[in-house]
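Below: one structure, written as structure tokens.
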């Protein structure tokens, strides 16, 4: 093996170590800057603020349940964020990739339902993130009566990101899941 061949791997190892160290330093600096940016007053949440968000989101969830039960499936539309950020998944599959699809799909579904009752479980969890965002998670039970009079009861678990925007709480995204049948 020539001396040139032995020198190249050593130089490569040195430059690789230097690159790794530089990369680690860059990650550490980025983390420091992101942490400092996240500590701004507009994003921090005091204990009183967290309590206030928790209470408001719990009220919002109760309102959604009552509204859907009273006004039918199309009531959902007013609780979906109308921005391009909105999406909904059901049982791990994308159901509505955007608000237009959610509105259209909800209207079509509503045409097949005569009556609907949505009940959240007593296990509602609210995780306030900021004054404008909170994660919600709760079990649910829904009775649906179709236009032919057939009824079905479904149960499952709901998670979503609630956002306070334009003076009200709404779902920025949502995920419904139901137990998998064991057939």
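Given the condition in a helix (DSSP H, G or I), assigned by TED's automatic domain parsing to the domain that holds residue 137, under 20 Å from residue 102 (Cα atoms) and over 18 Å from the mean Cα position of the chain (by Cα), answer yes or no: does some residue in segment 45-63 qualify?
Yes: segment 45-63 contains one or more residues that are in a helix (DSSP H, G or I), assigned by TED's automatic domain parsing to the domain that holds residue 137, under 20 Å from residue 102 (Cα atoms) and over 18 Å from the mean Cα position of the chain (by Cα).
Among the residues of segment 127-136, is any under 16 Å from residue 64 (Cα atoms) and in contact (Cβ under 8 Å) with a residue 40 or more places away in the chain?
Restricting attention to segment 127-136, the residues satisfying the condition of being under 16 Å from residue 64 (Cα atoms) are 134-136.
Next, from what is left, pick out any that are in contact (Cβ under 8 Å) with a residue 40 or more places away in the chain: 134, 136.
Yes - at least one qualifying residue is present in segment 127-136.
Give me a count of the residues in segment 72-106 that are surrounded by fewer than 19 Cβ atoms within 10 Å (Cβ to Cβ) and within 12 Å of residue 170 (Cβ to Cβ).
Residues meeting the conditions: 6.
Among the numbered conditions (1) within 23 Å of residue 133 (Cβ to Cβ); (2) modelled with pLDDT of 50 or more, tell me where residue 71 comes up short.
Failed condition: (1).
Looking at 137, 148, 162, can you tell me which residue is over 14 Å from residue 53 (Cβ atoms) and within 17 Å of the chain's Cα centre (by Cα)? Give the derivation first.
Numbers: 148 fails: within 17 Å of the chain's Cα centre (by Cα); 162 fails: over 14 Å from residue 53 (Cβ atoms).
The match here is 137.
Would you confirm whether any residue within segment 127-135 is surrounded by fewer than 14 Cβ atoms within 10 Å (Cβ to Cβ) and in the same structural domain as residue 171 (by TED's automatic domain parsing)?
Of segment 127-135, the ones surrounded by fewer than 14 Cβ atoms within 10 Å (Cβ to Cβ) are none.
Within segment 127-135, none of the residues are surrounded by fewer than 14 Cβ atoms within 10 Å (Cβ to Cβ) and in the same structural domain as residue 171 (by TED's automatic domain parsing).
Determine, yes or no, whether residue 166 is free of Cβ contacts under 8 Å to residues at least 12 places away in the same chain and under 30 Å from residue 45 (Cα atoms). Show your work before the answer.
Values: free of Cβ contacts under 8 Å to residues at least 12 places away in the same chain: yes; under 30 Å from residue 45 (Cα atoms): yes.
So residue 166 fits the description; yes.
Among 5, 55, 46, which is the only one that is loosely packed, with under 12 Cβ neighbours inside 10 Å and at pLDDT 90 or above? Even if it seems obvious, please write down each step before you answer.
Working: 5 fails: at pLDDT 90 or above; 55 fails: loosely packed, with under 12 Cβ neighbours inside 10 Å.
Within the list 5, 55, 46, the selection yields 46.
The values are calculated or read from the model by the stated rules, or taken from the named source; none is laboratory data. Bear in mind that the values here come from a model prediction, so they are computed numbers and not experimental data. Cβ atoms come from the backbone with ideal geometry, glycine included; neighbour counts cover every protein chain shown.
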